[in-house]
Each structure stands twice: as C-alpha cells, then as structure tokens.
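One structure is given here, and the rest of the page talks about it.
The values are calculated or read from the model by the stated rules, or taken from the named source; none is laboratory data. Quick caveat: nothing in here was measured; it's all calculated off a predicted structure. Here Cβ is always computed from backbone atoms with ideal geometry, including for glycine, and neighbour counts include all displayed protein chains.
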Amino acid sequence: MRDALDATPYDALLLLSFGGPEGPDEVVPFLENVTRGRGIPKERLKEVGQHYFLFGGVSPINDQNRALLDALRKDFAEHGPDLPVYWGNRNWGPYLTDTLREMVADGRRRVLVLATSAYASYSGCRQYREDLAGALATLEGEGLELPRIDKLRHYFNHPGFIEPMTEGVLKSLAELPEDVRAGAHIAFTTHSIPDAAADTSGPVEAHGDGGAYVRQHLDVARTVADAVRERTGTDHPWRLVYQSRSGAPHIPWLEPDICDHLEELHGAGVPAVVMAPIGFVSDHMEVLYDLDTEATAKAAELGLPVRRSATVGADPRFTAAIRDLVLERAATERGEAVPPCALGTLGPSHDLCPVGCCPGPHTQARRRGRRQPVRMRSTVTATANDELKAELLEIALDAAHRAGAFLRDGRPDDLGVAATKSSAVDVVTEMDIASEKLITGLLADVRPDDGVLGEEGADIRGSSGVQWVIDPIDGTVNYLYGLPSWAVSIAVRKDGETLVGVVHVPMRGETYRAVLGQGAYVNDRPARVRPAPDLGLALVGTGFGYLADRRTRQAEVVGQLISQVRDIRRGGSAAIDLCDVATGRLDAYYERGLNPWDYAAGDLIAREAGALTGGRPGEPLSTELTVAAPPGLFEPLQARLDELGAWHD
Ligand code: IPD
C-alpha cells in the first residue's frame, strides 16, 4: 500500500452502486427503474420481485453500502487522504443525480467514482458510466457547473479484494465436516450475462471467446485457488460457474448454472462444495437468494454438503484497497509514476476505457457475429401473452441487428442489381437476398413453427399462429446507391394482429421498436409524435411506386398537395418514414402501393407513438393507401388525399 496521502487533484469520492428497495412497496417501482425502456409488464415485475418479498421487500445492498461508506470514512479519517465520500445509486435512492447535485452545491470539482462492480462488462462498467453521463446531462440542463468525473479502474485483481475472498474460502473449507473436507471442490460463482456481452467485454482488440469478463473471473478464481492450495497443502479442484440468469430463454447466457453444476458434481461423487461468489462485492440479493436459498436447497436435496464463502463487504483490507486505488489514480493524474498493485496474470486494469470497450446490447450481437445455439421456452403462465411479446421483441431486435450489421459492414463497393421485380427499376440486390436468408435462418432456429412472409420470397405458413413479416432492406434503391436511408424492418403478427415492430436503421445508429400496448421507443428513449399542426404547416413524407403509370399518377397527387402543406419529403424508405412520424421528424406520411413488409413494423411504431394510421376514410391501411399522422392532422390529410384520388392509379 502507498504512503503518500495526497489525493490532489480530486476533492471527493463517490460510491456508485445499483440501489435496491427498502420495503415491499418499493419493490415494483425499483424493478421498473431497473428495466426502464424494456416495456416489461407490471405483473411480470411482481413475479420477479418474489425474491425481494421473501426478504420483506428489502434488498441487502443498501445496508452493505452504508457499512462500506462508514468503513471508508473511518479509514480515510484514520489514514487519510482528507477526502469526503458520497453515495449515489443508479436505480434507487439516494439517486446518483441527486447526489451529484449535492456535490456540486458542496463545491466539488474533481470527483473519483468507485463502482460496486469489480469487473469489465457492459452491465458492470459501461452502464455505470452511461448513467453518470446521463446524470451530468441533467445537471447541465439545470444550468449547474459540472464537476469532472473519473471512474476508478476495475479492482478485481487488487490484493485487498482477493485476500479477503481467499480467507473466506479457507474458512468455509474449515467449516465442512472433516471427512469430506479434503475432497471438496470450489465453485467460484459470478452473475451470468449474455454470451454476446461476455464476448465483447473489455477493449476491442481483446475480444474473443469469453472476452474480459470471463478472463478476469478465471484469473481471480485461479489466484484464490492457488493461495488456498499453498495454505492448506490440498489441491481443491475448482470451476468458474454462473448464477442469477435472466432475460429471454432463447438468448444464450454464460453457463453452467451453479445448480446444474452442483448436480453434476454430486453425480460424479464429489463429497462437498464451497460456493465462492467472487463476482459480488457484498452479499447482494443474488447471493442471499440464488446461492444461500436456491443453490443451498438444491444441495440439501442432493445430500451434498455445501458452504458459501463470505463476500468482501466492508473488510478493512478492501477499504484499504480503495484508499490505495484513490491515491494511485491521483498520482497518475498528477503525472507521477506509480507502480499499480495487482495479483494474478492480467495486470492492472486500464484507467480510461478505450472507445468500443464493452458495447451496449444492440452492438454486442453485431460484434459477436456468429449464430448461437438455442434453447426454447417451455413454460406457459398467466402472463403468457406478455411473455410471448417480450420474447418476440428480443428475437426481432436480435435478427434486425444482425442483418443490419451484415448489410452495413458487408456492402460490396461494386454492389449491382441481382434481379428485378415489378419493373426494371424495382431492384433486388444480392444483399437483399442474403439479408432475408440470414433472418429466416435465425427464425428457423428459434421459432421453427412460425410463419414467415418476406419481401424477397420467403413464404412459410407455420402452425403457431405467429407470422413474421420481413423487409430485409427497406430502401433498396438508397442502399444500392450508397445513400444512408435504408432499414431492416421486422414485424410479428399473431392471428393477424401486429404485436411487435422493429425498424433498425444502421446508418443512423437508431433502432425503433414497439410492442402492442406498451409504447414505442427509439433506442432507449420513448418515441412520441409531434403535436398536430394545421395541414398547411405540415411536413409530409411520401414515396413513389416502381411502375411508371403509378408514378405519373402519384406525381399528380403531389403536384396538387404540395401547395397545401409546408413541404413534401421523399426519403426512399417507407419504414423509416413511418418511424419519422413516430418521433416527430415528419408531421405525416402517406403512400399508395406499399406492401405489408414495407409498412407492418412502422405502422405499429407510429401508432404506439400516438399516431393514427389508416387507408381511405374508415378503412385500415393497406396496399391501396397508407396514411399516418397525429390526431388532428390525420383526419384533414386523409380527407384531402381521398379527394385527390391518392388511393388509385
Ligand atoms: C420501397 C421503399 C420506398 C417506397 C416504395 C417501397 P423497398 O421499398 O419503402 O420508400 O416508396 O414504395 O417499395 O423496395 O426499398 O423495399
């Protein structure tokens, strides 16, 4: 540990944590915060909240953080540096934004942040950084002078984190009955995350199978196991396993699960197991429920003696490690050379995350770029329809992102026309065909009983009542010419009703999505139509078909309409036009001659964002005519288009 107690240039430390409910009434609102933007229904959250209700609705994490906060303040008071310590959470009070506001009021200008997550990954690092950025943006909007914030490096391999865990494992081994102790295995556990998130964790150049998340945990496990062997003289076999999986069942997450692992060990005749939760800084709900309740019950059922080793919590070696990390970073900022402390083989983690480190969920699948084996959901519950919608949305997002990445990264410079359809200008490129194949191939794996209708010829009946409507490239002519307005559009219908719509626009970095009855989003922001202007002030999007006669007629309608509205736009992708209505970038959109794959996803997104959609007055939208606009503009525009004969050639 270091002697110099100078924390300059920093004037505060912020303990940044996840947050958790402190009573039964707070459980669902807390889970709503955690899952914001994902449209998970309240009923489902109540089910998920069962773990908390078992503990009186109280998450242990807040008391753990209070203890760590006290220990840190005590440690700093005893040893220095003279640095105030604050506490803020991402998902529950005290909220990060409020704490930062308080820090600004206290005059803090350079803030160091300690996250209660020790390893790399999107959810363990970047999401904390994104929330910090969001909180700063809010304060900026309030006109406050923003402090500069630096996040401390990952501390998974700091001796002050590893040593208490080693001691915990030794203690648990000692607690096992003597006759099984020597043969005990160690199951090091951490939070399971999606394979795609694990693979893309850490700096880009290091991405490979397992990424930094798994490598860092393996390094910690090996270091602890080696230290245990040194101190006991016994070689306890070990394995890194996972716990607390969530998310849709068809998305692969890190395995094996601790309960499956216990069964396997028992089957192999292993006499006892120590479960060592190295992925957790303190006794989070995952430790208390998934290990102490669920896995312990599984072991009891098997007749397998198990012990769970302690997490680091507020161990004085850990608080000293935090002091050490603060001083190390302060010295680095002052330009002084400092030898960083780290055990294991990986060396100290970086101070500044490189660009592309731990990408968010939407880019993980693209980076990973390979198909995953699939497990199917088998349970049917009272909320089956909502669960189905959530599952379909995840698959649609995954498929759209994979196809979008393929189209964006794989577009040949000499892309030519592979075939034509309704006319010589209605083109199909080899990329339309390949993109549709990619999506239908994925669907065949994960939803083999569903029907599929695709622009490039996919026409599968299916037996499940679910139908996927796919436009592998909407805006093909834009794509052919290298213009950026093209999209992958995927809608999912059940018994004729559209449940899910996804329009992914890679060149905008935007994904629009909607689930029936659950609102529309662009990336993670809610999408909302613009308030209706008078028809004369409306910016209206439209498009033209591929047949010469139709285009002539469409031009006549535009010729009449253009003087009666603010202006007319022709973007070249009906799906994007509908999403532009959903986000207020257009006031309205209409077109004659669209096919279901052009409008199915965009129609739901526009409606869920508050637009009305339809065809001729009183008719639903169809190939004859598609109109979308907020209430108040929709009606006069629809009437005007009808008068102008926009519905016929
Ligand atoms: C076309 C686009 C275009 C619209 C055409 C559609 P495609 O779809 O959506 O904006 O005006 O009517 O056919 O051929 O690019 O998939």
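Summary of computed values
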read-out: Number of the condition not met by ASP398 [criteria: (1) touching a residue at least 60 places away in the same chain (Cβ under 8 Å); (2) more than 30 Å from PRO194 (Cα to Cα)]; value: (2)
read-out: Which listed residue is in contact (Cβ under 8 Å) with a residue 60 or more places away in the chain, within 33 Å of the chain's Cα centre (by Cα), surrounded by fewer than 24 Cβ atoms within 10 Å (Cβ to Cβ) and within 12 Å of the ligand (Cβ to nearest atom), from PRO596, PRO630, PRO531; value: PRO596
read-out: Total residues in segment 608-627, condition more than 16 Å from the ligand (Cβ to nearest atom) and of a type outside the set (Gly, Ala, Ser); value: 6
read-out: For GLY615: the one exception among (1) over 22 Å from PHE544 (Cβ atoms); (2) surrounded by fewer than 24 Cβ atoms within 10 Å (Cβ to Cβ); (3) in contact with a strand residue (DSSP E or B) (Cβ under 9 Å, 6 or more places away or on another chain); (4) among the small types (Gly, Ala, Ser); value: (1)
read-out: Residue among ASP260, ASP283 that alone is out of contact with any His (no Cβ under 7 Å at 6 or more places or on another chain) and at pLDDT below 95; value: ASP283
read-out: Pairs where the first residue, in segment 69-92, is surrounded by fewer than 17 Cβ atoms within 10 Å (Cβ to Cβ) and the second is of a type in the set (Lys, Arg), C-beta under 9 Å, 6+ apart; value: HIS79/ARG323; GLY80/ARG323; PRO81/ARG323; PRO84/ARG73; PRO84/ARG108
read-out: Pick from segment 93-105, criterion touching a Pro at 6+ places or on another chain (Cβ under 9 Å) and in contact (Cβ under 8 Å) with a residue 60 or more places away in the chain, ranking: nearest to ASN33 (Cα to Cα); value: LEU100
read-out: Count of segment 571-593 residues which are more than 19 Å from VAL505 (Cα to Cα) and either at pLDDT below 95 or more than 9 Å from the ligand (Cβ to nearest atom) (or both); value: 3
read-out: Tally, over segment 136-155, of residues that are closer than 15 Å to TYR95 by Cβ, buried (at least 17 other Cβ atoms within 10 Å of the Cβ) and in contact (Cβ under 8 Å) with a residue 40 or more places away in the chain; value: 1
read-out: Residue tally, condition closer than 30 Å to ILE395 by Cβ and crowded, with 20+ Cβ neighbours inside 10 Å, over segment 217-256; value: 9
read-out: Scope segment 432-451; condition within 16 Å of the ligand (Cβ to nearest atom) and buried (at least 22 other Cβ atoms within 10 Å of the Cβ); matching residues; value: ASP432, SER435, GLU436, ILE439
read-out: Residue check for LEU393: more than 22 Å from ILE40 (Cβ to Cβ), more than 16 Å from the ligand (Cβ to nearest atom) and modelled with pLDDT of 75 or more; value: no
read-out: GLY541 over 18 Å from the mean Cα position of the chain (by Cα) and in a strand (DSSP E or B); value: yes
read-out: Candidate set: segment 490-500, residues that are exposed (fewer than 14 other Cβ atoms within 10 Å of the Cβ) and of a type in the set (D, E, K, R); chosen: the one farthest from the ligand (Cβ to nearest atom); value: ASP495
read-out: Pair list, Cβ < 7 Å and 6+ apart or interchain, from segment 323-343 residues that are farther than 19 Å from ILE149 by Cβ and touching a residue at least 60 places away in the same chain (Cβ under 8 Å) to residues that are assigned to a helix (DSSP H, G or I) and of a type in the set (Ser, Thr, Tyr); value: VAL338/THR332; LEU343/THR223
read-out: Unique match (being at pLDDT below 90, touching an Asp or Glu at 6+ places or on another chain (Cβ under 6 Å) and within 16 Å of the ligand (Cβ to nearest atom)) among ALA487, ALA418; value: ALA418
read-out: Lone qualifier among ILE605, ILE568 - being surrounded by fewer than 21 Cβ atoms within 10 Å (Cβ to Cβ), within 16 Å of the ligand (Cβ to nearest atom) and closer than 22 Å to PRO631 by Cβ; value: ILE568
